[in-house]
Every structure is written in C-alpha cells, then in structure tokens.
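Written below as structure tokens is the structure these notes are about.
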Amino acid sequence: MRYGVAVLAALAPALAPAGAGAATRYVSPAGVGRGTCVRAAPCSVAWALDGDGSNTGDTVIVLGGTYTDQAVSLTKRLVIAGREDRARPVFNTTSGDGAALTVGPGADGSVVRHLSIESSTPAAPAVDVLSAASLSDLQVTSATTACLRSSARGLHIDDSSFVQTGTAQEPCLQSSGDDGAWTGVVARAPGGPAAARFAGNGRITDATFTAQGTGLRMTGSAIAHRVTAIGGARGVELDGATTLTDSVAVAGNGGSAILAGGGGGEGAGAGGQRLLHVTAWATGDGSIGIRAGSGSDVAVTDAIARGEAADLSVDAGSPANTADCPADTGCPAGRMSAAYTNFRTGEGIVDGGANQSGDPRFVDSAGLDFHLRPDSPAIDSGSLGLSNSSADRDDRYRWLGKAPDLGAYEYRAPRARRPRADVVAPRLTGVRLAPRRFRTARRGLAFSASGGAPAGATLSFSLSEPADLVLLISPARPRGGALGAIVERFASGRHRMRISGMLERRPLRPGRYVLTTVARDLSQNLSRPQRFTLIVTR
C-alpha cells in the first residue's frame, strides 16, 4: 500500500516520542463521553474527536465496528486511523444535514486513514474538507450528493475509492483548491453527471474514473498522468491550461472521448490544453475522439484517436450563446495541432508531422483493452523528445524501445531469451559532460538548457560494444518521475553527443536537473547508471 510524502509528514507528530506531548487515544462505537480515552476505556467520537478529549497533534485510533450517525467534525490537527490489521471501521450517517466527516478550519495537516464512510443524507457531502489534509485508504460512498467536496489548498488523497450509489446532480469527487494531489484514486458515479472534478494547479496520478456523464473534468493548470476516464457522454473534459498524459479516455452514446474547452462545461473557455500519449476512443453516432471546443488550443502528440464521426475535430466559432458555447457574447473557434499521432479524419487540424492513419491494432477495443498487438503501426512511432511522461499507463518506462509507442500503452513485447553467449552488460566509461551549467540551444540531440552561460553542452563517452545510450532527465527534486528520455544507437568506441535541452520542441525551464546515462545492449543487459547534475540558466 502506498502513502504519499504528505501523509508521512503529517504522521510525524503521531510518531514523536511521548515527551513531545502527543498522545494516542482510542474511540469505539459505544465509547464514554469523558476520560483520557485509553485502550481499556475508549471514548466516544463526540468527546475524543469533536470535543476536549484530545489535543492538537494526538493520534486517535478508531476501533472496529459501525458508528451510526456519529459525525466527525475536526477543528484541530489530528491523526485518525483505523487499525490496518482489521476491517475498516464504518461511519454511517443516515440523518441530519451535515457531512459524515468534516475537516474544518483549524485542522490543517490532519491525517485520516483506513476508514469506511457511508452517507445517505441528501443535504451534505459524505466528506467535506475545508483545510489541508491527507486522506488515505478510505472507502467513501454517498447516495445522491458528493462523496467528497473540498475547497482546501493542499488536499492529498491516496489509495482511496469513492462511489455514488444513486442519481446525483453533482460530481462524486470534487476538489477546487491549489496544490492538491490524488494518487491511486478510484471514483464511480454510475448515475451522476461526473465521477470527478479537479480544479487548480495540482496533479492526478494512477487513477480511474467512470460516470454516466463525464469521467473526469479538469480545470485551471492541473496535470493528470496515467488516468483512465470513462463516461457515457465524455471521458475527459479539459479547460484552462491543463495537461493529460499516458491516459485512456472513453466515451459512448455519441459523445467525445476528450473535449477540450467549450462544450458548456464548468470553467469552459480559453486555454492551452496538452495531450501526450493518450488513447481516445469514442463510439456511437456522432462520436468524436478528441474535440477542440470553442476557445481551446489543443496540442496532441504521440496519441491515438478514434470516433465514428471524426477522430479529431475542431469547433467553429459561434457569434452567440449556443449549447456548445456558454458565453452570451459568443465564442472563438477551437484550435488543434497533431504530431506523431494516429488518426484517420480531422479537418482544420494543424499537421505537426509524423502522423499516421493505419489500424492501431488494439488487443480488444470492444473490451476496452487498448494495449497494442505486435503488428501495430503505433509501436516505436512516437516522438523521441518526451516531456511530462516517463512511464505509460501500466507504469512501464517509455524509453525501452527504439522510440516511444503511440497511445497510452507501450507494447508488451514477449520476454526474449537472453543468448547464452551474451550475459555481460556493456561498459559505459569515460563519461563526461561539459559544461554542466548552460543555456538552451536550439540545435542538437536530446536535452538543452540556458543566460551568460554557454549554449548547450557536450556528452563524451566510450562503449565496450554496440549499444543503445539511454539518457533520462529528471528534476533535482523529483515530482511524478522523469521529465523525458532519449535513446540513441552507437557502435563500440569513443563518441561525442551534443546536448541541446529541447524537450518536445520546448526548452527546459531554468533550474536544476539530473541527467542519468545508461547503456543497453541487444540482450537487454544494462550498464551501471551514471548521473550528472545540470543547471539550466536563462
């Protein structure tokens, strides 16, 4: 089970020695309304969590059982956790007009872990988050309202599921604050307009969303990586300067697998949306794979798109309010560019080159299995300059082939038998990078960087045998993995390689990076990685 850095940081007070002042308390469904809440005499929720039975920084262990109509309302920082070796304690709210769990003002840094939360009240979400918190290993269900609604900055959710069980008027999972992160989240709204809505500048990773309407709506400058979003009308809606990478979007009933801007969605309007390594699949009369709605500016790279009406589509401008234009004053036309992308139809698209139209040869598209077959033209057809993408939807690295594959998945090649004669890894020696502080150059292979400093750098190295040289670049303080990779084939001997710093035709931002070099021979033997620190200047 995974827990994010924020969860571990928030747990630190609970793990401090007794002298630090934090205490461990216990609650049970029939706990008493006073006392010190020790294991032998647990307290009630009202006393230990909502009242004076705990102090800021305490850990409250929730003992097993069902807590019926015992709502939790936090006003101080606490760690609340069920025992991980037991079934999740259940908080079941059936009456009243409040949430089953509220993280209120003053509860910044709270941790809630290993609980089941059920709500059938029609007046409030099951979980209401108003302060930064870390939520992990939760199972949350709500009948007709939001499963979780948050306006807090810095909300982190890990390895949790959210389900709307009835017909709803709002998304199951909603977060509108900056600096948020969802990791390993599953949200389902079979009778709702959307499974999830994510606004702000945060990040979603390794998540799955399904809904009657839209799987996932993203606004602001949010990034989603390794996501599967399935909707009856739309898989994913993107507004603002949002990014979607290594993901699958599916729509049925004649909808759009991915709709960028416009469409009357929340926050619809101008913005630059970026799609990298996505598989967009739409079925039904009038369906569209990727659609650039009014006011959007969509850049599509290394993708596969299919729809029955069009694979790629750009909306025309509208002089007045329409179903596809929410503004009374009208909306401008959408824009879309496509490069290294597999699609058949798309009018008004700016051709960025290296596109293809052949059958992508999915394993089972009817069963929504979009892995590639060995004869797929999408294999090794992607751009060599990757950005915001180091692993596919299955968390397989993109740099293992001659070039990245198109779509959400790298091809799963059968494991080749290693020849008995070649069990020795190639030797990568004499590796030097100079200078290590440089600015962006517009020419040269691989990466570059840039003011007053030289433009670009040179990588020198020697190979003991013919091998692929793999260059992987990451932030000095990683967040979400590597930024990109380059794979180049070299003969044995001494070589020099020009480093320019351009990733997907964009320069690296000024800052500190780590360049990792690895040599790989035909038998997949790998040399010892060698790392260098790069400093990008203006």
### Task
Have a look at ALA87, ALA124, ALA81 and point out the one that is small (Gly, Ala, Ser), part of a loop (DSSP other than H, G, I, E, B) and under 25 Å from GLY180 (Cβ atoms).
ALA124
### Message
As an exercise: evaluate ALA196 against (1) touching a residue at least 24 places away in the same chain (Cβ under 8 Å); (2) under 16 Å from SER296 (Cβ atoms); (3) of a type outside the set (Val, Ile, Thr) and give the number of the one condition it does not meet.
### Response
(2)
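Does VAL112 qualify as being touching a residue at least 40 places away in the same chain (Cβ under 8 Å) and either more than 30 Å from the chain's Cα centre (by Cα) or crowded, with 20+ Cβ neighbours inside 10 Å (or both)?
no
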### Query
Of GLY261, GLY202, GLY240, which residue is open to solvent by 10 Å² or more (accessible area, probe 1.4 Å), more than 25 Å from PHE362 (Cβ to Cβ), among the small types (Gly, Ala, Ser) and in contact (Cβ under 8 Å) with a residue 24 or more places away in the chain?
GLY240
### Query
Taking the range 130-147, which residues are aliphatic (A, V, I, L, M) and either open to solvent by 10 Å² or more (accessible area, probe 1.4 Å) or closer than 18 Å to VAL62 by Cβ (or both)?
LEU130, ALA132, ALA133, LEU135, LEU138, VAL140, ALA143
### Task
Please list, ordered by first then second residue, the pairs with beta carbon atoms under 8 Å, 6 or more apart or interchain, first in the range 502-514 and small (Gly, Ala, Ser), second open to solvent by 20 Å² or more (accessible area, probe 1.4 Å) and modelled with pLDDT under 80.
GLY511/ALA476
### Task
Would you mind stating whether ASP246 is open to solvent by 30 Å² or more (accessible area, probe 1.4 Å) and more than 19 Å from ALA146 (Cα to Cα)?
no
### Query
Tally time: how many residues in the range 277-297 are open to solvent by less than 20 Å² (accessible area, probe 1.4 Å) and under 21 Å from TYR409 (Cα atoms)?
7
### Task
Only one of these is in contact with a helix residue (DSSP H, G or I) (Cβ under 7 Å, 6 or more places away or on another chain), within 26 Å of ALA187 (Cα to Cα) and modelled with pLDDT of 95 or more: VAL79, VAL112. Name it.
VAL79
### Query
Hey, any hits in the range 174-188 for a residue that's assigned to a loop (DSSP other than H, G, I, E, B), more than 28 Å from LYS76 (Cβ to Cβ) and either more than 15 Å from the chain's Cα centre (by Cα) or touching a residue at least 24 places away in the same chain (Cβ under 8 Å) (or both)?
no
### Message
Can you report the number of residues in the range 336-384 which are touching a residue at least 60 places away in the same chain (Cβ under 8 Å), open to solvent by 60 Å² or more (accessible area, probe 1.4 Å) and in contact with a Ser or Thr (Cβ under 9 Å, 6 or more places away or on another chain)?
### Response
2
### Query
Which residues, taken from the range 299-322, are open to solvent by 60 Å² or more (accessible area, probe 1.4 Å), out of contact with any Gly (no Cβ under 6 Å at 6 or more places or on another chain) and modelled with pLDDT under 95?
ALA316, ASN321, THR322
### Identity of the residue in the range 37-77, surrounded by 20 or more Cβ atoms within 10 Å (Cβ to Cβ) and in contact with a Pro (Cβ under 6 Å, 6 or more places away or on another chain), that ends up nearest to SER110 (Cα to Cα)
VAL62
#### Entry: Cross-chain or 6+ apart pairs with Cβ under 7 Å, the range 16-41 first and at pLDDT 95 or above, then loosely packed, with under 12 Cβ neighbours inside 10 Å
TYR26/ARG39
### Query
How do the pairs read when you match residues in the range 526-538 that are in contact (Cβ under 8 Å) with a residue 60 or more places away in the chain and under 13 Å from VAL470 (Cβ atoms) with residues anywhere that are in a strand (DSSP E or B) and open to solvent by 50 Å² or more (accessible area, probe 1.4 Å), using Cβ under 8 Å and keeping only pairs 6 or more apart or on different chains?
none
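The values are calculated or read from the model by the stated rules, or taken from the named source; none is laboratory data. Since we're looking at a predicted model, the values are computed, not measured. Positions of Cβ are generated from backbone atoms using ideal geometry, with glycine treated the same way; all protein chains shown enter the neighbour counts. Protein only, heavy atoms only, side chains kept; ligands, DNA and RNA dropped before computing areas. Shrake-Rupley method; radii C 1.70, N 1.55, O 1.52, S 1.80 Å.
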